[in-house]
Amino acid sequence: MNFLEGFSKITRTDTFVNSGVGLEQKLDPSKLDFAVLGDSFQDFFRQGARISPTLLSMPKGCLQQGPHCHPGGEFSYVVEGEYFDGDMEGGVINTYPAGSVVFYSQGSTHRPLSKEGATILYIPFDGILFGKDPEDLARKMVKVGTAEEAVEYALQWMVTDSGKRQELRKTILDS
Ligand SMILES: [Fe+2]
């Protein structure tokens, strides 16, 4: 099975996957069972110089932080509670309850927020780029050589107004 075929909730174009996607296959709790992630792991993640397994605690009402980008991709497991990937207004895009196994592909962007709080174990495969706002993040992505399609995708979900987005894209690419 192709790596991506094992996922549900795919947010993507034909050639690029953004946001979180979770494992579709459920394990059978009545026996010793396992799920293999597939053969094309390298298409989805790029192992970089900074691999940093991290245990993160998000408190209740953790709703203010900005968006970030994963140059090499990220694996995440929700130990307790629940978090969601939000839009720039704080609206819910995807929700991940306790027990979720979530993947963010190389170059993808998201904004993790939590209403009730969460404990998350995550592994970024080449550090994390944080942005204080969409423009700041997109500039950093361009600077480190993130694929154009990934920058385009990031701008699409972060800046929903197409006029503003066009303007921003021009400013970022012209400077
Ligand atoms: Fe992340």
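Please treat every number below as a calculation from the coordinates, not as lab data. Nothing here was measured: the structure is a model prediction, and the numbers come from that model. Quick reminder, even Gly has a Cβ in these numbers, built from the backbone with ideal geometry, and neighbours come from all protein chains shown.
Structure above, values below:
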{"item": "Residue-count net charge about Asp126 - beta-carbon cut-off 9 Å; Lys, Arg +1, Asp, Glu -1", "result": "+2"}
{"item": "Choice from Val101, Val17, Val92 with maximal GNM fluctuation in the chain (Cα, 10 Å cutoff)", "result": "Val92"}
{"item": "Computed FRET value (nearest 0.05) for Asp133 with Arg50, which takes r as the C-beta separation and R₀ as 25 Å", "result": "0.60"}
{"item": "In degrees, nearest ten, helix 162-174 long axis to first principal axis of the chain (Cα)", "result": "80 degrees"}
{"item": "Stokes-Einstein diffusion coefficient of region 3-127, Kirkwood radius over Cα pairs, 4 °C, 1.567 mPa s, in µm²/s", "result": "87 µm²/s"}
{"item": "Taking the chain and dividing mean pair separation by its residue count, relative contact order in percent (alpha carbons under 8 Å, at least six apart)", "result": "25 percent"}
{"item": "Radius of gyration and Dmax over the Cα atoms of region 102-175, both given in Å", "result": "13.5, 42"}
{"item": "Helix-derived mean residue ellipticity, 222 nm - over the chain, DSSP H n ≥ 4, -39500 (n - 2.57), to 500", "result": "-6500 deg cm²/dmol"}
{"item": "Other-chain or far-sequence residues with amide H under 5 Å of Gly86's (modelled H)", "result": "Ile93, Arg111, Leu113"}
{"item": "Region 18-123, dipole about Cα centre (Lys/Arg Cβ +1, Asp/Glu Cβ -1), debye to the nearest 20", "result": "260 debye"}
{"item": "Qualifying trypsin sites (Lys or Arg not before Pro) for region 99-149 [loop in DSSP, other Cβ within 10 Å: at most 12]", "result": "Lys132"}
